Amino acid sequence: MRRIAVQGCTVAPPPTWALWERFLIDRINEAAPDFQERYTRQDGTFVWRERWPGFDGSDDGYESYHNWPLFYALGGSAELHDRSRWLWEAVTKQFTEYGQIYREFDANYDWMHHGESSIYFYYFGLADPTVHRDRARTLRFAGMYIGEDAEAQNWDPVHKMIRSPITGSRGPRFVNEW
């Protein structure tokens with residue numbers, strides 16, 4: 001294999017746009033904790049309802065912080081990344097208490113809403129792909145859709161398709177009653 005060496009000899013100042021971008025990242029690092037603390041309790045759960053009145057909603061909880069791991073990957077602070085992981089756990093806990101989340105995944109939802117809530121989790125892999133807990137969760141969540149989870153038989157191996165438009169960690173939902 002041929003190697004190519006590149007040698008630089010001129011150092012240039014960073015472009016103005018990069019300085020403004022760094023300025024913005026620094027301001028977000030400062031503001032994000034204030035935003036979070038205003039709308040959450042000390043345990044990270046939302047200052048919100050004690051009971052959940054219906055079916056829709058767990059994606060909304062995750063969407064509140066879904067871009068924080070991505071922000072970290074783009075240059076945000078490690079403190080904000082750690083906070084985003086703590087908040088994911090808090091949202092998961094709160095919506096588990098509401099009955100929307102079961103085994104750390106939506107109990108029953110359509111795929112659009114799964115995507116809205118899962119993007120937060122996906123960004124953890126981008127932010128730090130070495131976290132074994134994320135890998136274990138990813139494999140467990142995938143198992144719900146490939147026939148490996150006895151409690152969530154969303155996959156139909158005979159017809160090679162997902163069994164219902166409404167699926168989740170409790171398996172397919174065949175009745176449209178909320």
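The values are calculated or read from the model by the stated rules, or taken from the named source; none is laboratory data. Since we're looking at a predicted model, the values are computed, not measured. Backbone-built Cβ (ideal geometry, glycine too); neighbour counts: all protein chains shown.
Among the residues of the stretch 2-20, are any assigned to a helix (DSSP H, G or I), more than 23 Å from residue 114 (Cα to Cα), without any contact (Cβ under 8 Å) to a residue 40 or more places away in the chain and of a type in the set (D, E, K, R)?
no
Suppose we keep only residues that are part of a helix (DSSP H, G or I) and under 14 Å from residue 88 (Cβ atoms) within the stretch 28-59. Which one would you say is modelled with the lowest pLDDT? Outline the logic, then answer.
From the stretch 28-59, those part of a helix (DSSP H, G or I) are 28-39, 58-59; that's our starting set.
If we keep only those that are under 14 Å from residue 88 (Cβ atoms) as well, we get 36, 58-59.
Details: 36: 96, 58: 86, 59: 92.
The qualifying residue modelled with the lowest pLDDT is 58.
Look at residue 170 and say whether it is under 21 Å from the mean Cα position of the chain (by Cα), under 24 Å from residue 97 (Cα atoms) and surrounded by 16 or more Cβ atoms within 10 Å (Cβ to Cβ).
Details: under 21 Å from the mean Cα position of the chain (by Cα): yes; under 24 Å from residue 97 (Cα atoms): yes; surrounded by 16 or more Cβ atoms within 10 Å (Cβ to Cβ): yes.
Answer is yes for this residue.
When you scan the stretch 28-63, how many residues do you find that are among the β-branched types (Val, Ile, Thr) and free of Cβ contacts under 8 Å to residues at least 40 places away in the same chain?
1
Residue by residue through the stretch 108-124, note down the ones that are over 17 Å from residue 94 (Cβ atoms) and touching a Lys or Arg at 6+ places or on another chain (Cβ under 8 Å).
Residues satisfying the conditions are 108, 124.
Quick check: is even one residue across the stretch 50-61 over 30 Å from residue 175 (Cα atoms), surrounded by 10 or more Cβ atoms within 10 Å (Cβ to Cβ) and not hydrophobic (A, V, I, L, M, F, W, C)? Reasoning before the result, please.
So in the stretch 50-61, the residues over 30 Å from residue 175 (Cα atoms) come out as none.
The answer is no; no qualifying residue exists.
Looking only at residues in the stretch 74-118 that are in contact (Cβ under 8 Å) with a residue 24 or more places away in the chain, surrounded by fewer than 16 Cβ atoms within 10 Å (Cβ to Cβ) and part of a helix (DSSP H, G or I), which one is farthest from the chain's Cα centre (by Cα)?
79
Those residues that are of a type outside the set (Lys, Arg) and either surrounded by fewer than 18 Cβ atoms within 10 Å (Cβ to Cβ) or assigned to a loop (DSSP other than H, G, I, E, B) (or both), I need them from the stretch 119-133; list them, please.
Answer for the stretch 119-133, where residues must be of a type outside the set (Lys, Arg) and either surrounded by fewer than 18 Cβ atoms within 10 Å (Cβ to Cβ) or assigned to a loop (DSSP other than H, G, I, E, B) (or both): 119, 122, 125, 126, 128, 129, 130, 131, 132.
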